Amino acid sequence: MLAIHPDVQAALSSGAPVVALESTVISHGLPFPHNRDVALLLEQTVRAAGAVPATIAVVAGVPTIGLTSAQVERFAQAQDVLKLSRRDIGYAVASKRDGATTVAATMALAAAAGIQIFATGGIGGVHRGARETWDVSADLGELGRTAVLVVCAGAKAILDLSATLEMLETLGVPVVGYDTTELPAFYSAHSGLALTQSVASPAAAAAVWRAHREWGAGSGMLVTVPPPPTAALDAAEVETAISRALEQAAQAGVRGAEVTPFLLAAMARETAGESVATNTALLTNNARLAAQIAVALAQESTQ
Ligand code: PSU
Ligand code: MN
């Protein structure tokens, strides 16, 4: 059972463009009240670009496609919201809990509702030190098997980006640069990792997606956009903050689903809030592009 917001349902029924948005970034990625403001700003950004936003979460056990503003407020404030990857959806449903969806779980629910385009900040990936910890985000596995196009600024720089890119290749997930031939590093535009595929317009991204749906054996696809130049952070500064964040995580002994929220909070502290400003700017940028791609896709479909 899915609860679909009437605006989203109307758009889906008429073939109008819809963009999925995740909720883990609200409940576990950004501090209150900034998280609520960002969530509402992302919805406005999608609307302004001509698409209908669908923020996704599990609300009291019900997978919900398109939160109301009151629900966004609750997910921004409540302290007992679960963090749900795909494997956790069943538990949240059965125990009637509130759960914020990661990229993996948002993709799963978006696909179930018939939504093809999803905007986020950065996907999860292979963590640094994964050789010892085996910490690899379930986002990667989901991208390998669920046909949703995810617009993002690459994977968070707290990760091992090179290993993440290799893993995406293994899983059959295309990584298409938007106006770039380098994998963005989330907080900055440069990772030093080359991409072999790139597009320069929403229509071109939509065309690759349509072809990938035909040939990609049901897998997802990434469109990676560099953060807006005015919001990008200095790479060396980011690296210093990351080392300190990783040290703190090791000292605190965090494991499993706690690792990413811990590191994001530590980054916010270590960059005196600058990482939060960058995160916000790139989320908005990605939401706008996702809406433009969804519009281009809907136009092509009705031709
Ligand atoms: N990137 C951000 N903020 C976030 C996340 C990513 O800038 O909050 C979230 C996304 O929901 C992503 C999740 O799917 O972190 C990955 O968590 P894990 O590493 O536990 O799979
Ligand atoms: Mn993990």
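Results for (1) assigned to a helix (DSSP H, G or I); (2) closer than 24 Å to ALA155 by Cα; (3) away from ligand 2 (no atom under 16 Å from the Cβ), shown as yes or no for each residue.
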position	(1), (2), (3)
ARG87	yes, yes, no
ALA92	yes, no, yes
ARG97	no, no, yes
ALA100	no, yes, no
ALA110	yes, yes, yes
Only one of (1) more than 27 Å from VAL295 (Cα to Cα); (2) within 16 Å of ligand 2 (Cβ to nearest atom); (3) among the aliphatic types (A, V, I, L, M) does not apply to ALA105, and that is (1)
For segment 276-288, which positions are at pLDDT below 95 and either aromatic (Phe, Trp, Tyr) or within 9 Å of ligand 1 (Cβ to nearest atom) (or both)? ASN279
So ASP234 passes all but one of these: (1) closer than 26 Å to PHE118 by Cα; (2) surrounded by fewer than 20 Cβ atoms within 10 Å (Cβ to Cβ). Which condition number does it fail? (1)
Provide a single number: the residues in segment 208-226 that are farther than 17 Å from LEU195 by Cβ, assigned to a helix (DSSP H, G or I) and in contact (Cβ under 8 Å) with a residue 60 or more places away in the chain. 2
Flagged in segment 127-146 as within 13 Å of the chain's Cα centre (by Cα) and near ligand 1 (Cβ under 10 Å from one of its atoms), in numbering order, are SER137, ALA138, ASP139, LEU140, GLU142
ASN285, sole failed condition from (1) buried (at least 18 other Cβ atoms within 10 Å of the Cβ); (2) out of contact with any helix residue (DSSP H, G or I) (no Cβ under 6 Å at 6 or more places or on another chain); (3) over 19 Å from VAL176 (Cβ atoms); (4) not aliphatic (A, V, I, L, M): (3)
Close pairs from segment 75-96: first within 13 Å of ALA57 (Cβ to Cβ), partner of a type in the set (Phe, Trp, Tyr), Cβ under 9 Å, at least 6 apart: ALA76/PHE32; VAL81/PHE75; LEU82/TYR91; LEU84/TYR91
Selection within segment 148-171 - part of a helix (DSSP H, G or I) and surrounded by 24 or more Cβ atoms within 10 Å (Cβ to Cβ): THR164, LEU168
Wholly within segment 1-73, strands (runs of 3 or more DSSP E) carrying at least 3 residues that are at pLDDT below 95: none
Can you tell me which of GLY177, GLY124, GLY154 is farther than 22 Å from THR240 by Cβ and within 12 Å of ligand 1 (Cβ to nearest atom)? GLY124
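Residues of segment 227-265 being outside any helix (DSSP H, G or I) and within 16 Å of ligand 2 (Cβ to nearest atom), which ones?
GLY253, VAL254, ARG255
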Quick check, is LYS83 within 11 Å of ligand 1 (Cβ to nearest atom), among the basic types (Lys, Arg) and either over 30 Å from GLN299 (Cα atoms) or crowded, with 24+ Cβ neighbours inside 10 Å (or both)? yes
Output the number of the condition that VAL223 fails; it satisfies all remaining conditions of (1) within 14 Å of ligand 1 (Cβ to nearest atom); (2) buried (at least 18 other Cβ atoms within 10 Å of the Cβ). (1)
Note down all Cβ pairs under 6 Å where the first residue falls in segment 11-36 and is over 22 Å from ILE293 (Cα atoms) and within 16 Å of ligand 1 (Cβ to nearest atom), the second is part of a loop (DSSP other than H, G, I, E, B) and among the hydroxyl-bearing types (Ser, Thr, Tyr), and they're at least six residues apart or on different chains. THR24/THR102
Give just the number: which of (1) more than 28 Å from ALA205 (Cα to Cα); (2) β-branched (Val, Ile, Thr); (3) surrounded by fewer than 21 Cβ atoms within 10 Å (Cβ to Cβ); (4) in contact (Cβ under 8 Å) with a residue 40 or more places away in the chain does VAL295 not satisfy? (1)
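Filter segment 94-145 for residues that are of a type in the set (Asp, Glu) and at pLDDT 95 or above and give the result.
ASP98, ASP135, ASP139, GLU142
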Kindly provide the set of residues from segment 117-147 that are away from ligand 2 (no atom under 11 Å from the Cβ), buried (at least 24 other Cβ atoms within 10 Å of the Cβ) and not in a helix (DSSP H, G or I), ordered by number. ILE117, PHE118, ALA119, THR120, GLY121, GLY122, ILE123
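The values are calculated or read from the model by the stated rules, or taken from the named source; none is laboratory data. Keep in mind that what you see is a predicted model, and the values were worked out from it rather than measured. Don't worry about glycine lacking a Cβ; one is built from the backbone with ideal geometry, like all the others, and counts go over all protein chains shown.
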